[in-house]
Amino acid sequence: MSAERWTPEKAFEWYGSRPWLRGCNFMSSDCANRVDQWQELGFEDRLKTADEELALAASIGFNTIRVIGEFHVWRRQHDSYLEHIDRYLETASKHGISTMFVIGNDCSLPKRLYKEPVMGEQSCDIGYHGGRKVSQHGSLPGETGWTVLDDPVLHDEFMDMTREIISLHAHDDRICVWDMYNEAGNNNRSEICQPYLKELFAAAREIAPDQPLTADIWGGESAQVRELVLSLVDIVDFHSYGSFQNVAVLAERLKRTTKRPVICTEWLNRCLHNDVAEIFPLFYAMDIGCWCWGFVAGKYQTYEPWESLWKQIEAGNRDIDVTKWQHDLMRINHRPYDPKEIDVIRRFSALADERYEEKRKGAE
């Protein structure tokens, strides 16, 4: 018998039982992409880098990361992939860091440009966000993205992967949240993604993990996709790369209308004036768990602006500040991009832990 969606009461009980969640979307700086992150080739070196960088994350006050899985590594290198997930979780956990694991993802290229990833050495284009000259971040406006869920054979395999990974870690306290679908409806996939959303959540409910299920409200989804996501999730998850006011209004609206815990799993876009000094304290004050995009700058190059931002600049928009990094907090030498940002993160992380301890002692 499948489990029911968590009640708001259960969701708030879970959320209140742990310190304020704050961290980053994580990929070690020596990874060109997610195949690089999870495949057999070079994994020991990648994990060593991750170990060093996660120690750095813990030292500034972070206690959680968000990582995205890779279906093609599961398909081609099944046994080692499952082992690598476990070792990643263990590496993070030893630094006091929990992991949010992402399953589905609509950030994708159109079918005409799709190439199945090949295991082995991974290349990257220098100077481009995500390490790719042509990416889903505005390179091909108007085109519809394609994912493996659209292929009947790969779809069934993807569902097998989903059930296997969640079953293996359904009672694993190193996993804090299952993010069932990243940015559903992105790249003109609003109509396509809705049955997949239902199917992925149903599969997870059959397993009944200890962790809550979520999916992302990212701002560009259709009203139908947003309504569906909000009807499925245990805790509410949004993305926002906008201004302080935009983030505050969206967060407040979600808190009021959903009456569930609210988290933000993607933020930090200095080019659009979404920065640490304003947004991190806002999340602390509103008790919203938060994961900025990126940590140590590296091959994935998410400090570079999205292609869509460059297109706006080339069209004459001068409100986009490309004198600043878009994402990421640390330079490759592990020094801060901006030391003042790290001071803010440390200060409010310490305040959050004090708040949690006072609450915990008061409940005893």
Legend entry - Point-charge dipole on Cβ atoms (K/R +1, D/E -1) for the range 279-325, about Cα centre, debye to 20: 100 debye
Inset, instruction - Measure up Lys10/Lys94; Lys48/Lys259; Lys94/Lys299 against 32 Å on the Cα-Cα distance and list the ones that go over. - result: Lys48/Lys259
Legend entry - the chain: translational diffusion in µm²/s, Stokes-Einstein, Kirkwood Rh over Cα pairs, 25 °C, 0.890 mPa s: 118 µm²/s
Inset, instruction - Just name one of Thr144, Pro209, Tyr128: the one whose Cα is farthest towards the positive end of the charge dipole of the range 85-236 (beta-carbon charges, Lys/Arg +1, Asp/Glu -1). - result: Tyr128
Inset, instruction - Can you tell me the dipole magnitude for the range 170-326 around its Cα centre, using point charges on the Cβ only (Lys, Arg +1; Asp, Glu -1), in Debye to the nearest 20? - result: 260 debye
Inset, instruction - Find how much the distance from His78 to Asn246 grows on full extension, using 0.36 nm per residue of separation minus their present alpha carbon separation; answer in nm with one decimal. - result: 56.3 nm
Legend entry - Computed magnitude of the charge dipole of the range 8-363 (debye, nearest 20; Cβ of K, R +1, Cβ of D, E -1): 900 debye
Inset, instruction - Sort the range 1-93 into rounded, prolate or oblate with this rule: let a ≥ b ≥ c be the square roots of the eigenvalues of the Cα gyration tensor; rounded if a/c is under 1.5, and if a/c is not under 1.5, prolate when a/b is larger than b/c, oblate otherwise. - result: oblate
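Classify the range 61-141 from the C-alpha gyration tensor, please: rounded if a/c falls under 1.5, else prolate or oblate depending on whether a/b exceeds b/c.
Prolate is the answer for the range 61-141, as a/c is 1.5 or above and a/b outweighs b/c.
Each reported figure results from applying straightforward, stated rules to the coordinates on display, with no laboratory input. Keep in mind that this is a model prediction, so the values were computed, not measured. As a convention, Cβ positions derive from the backbone with ideal geometry for all residues, glycine included, and neighbour counts pool all protein chains shown.
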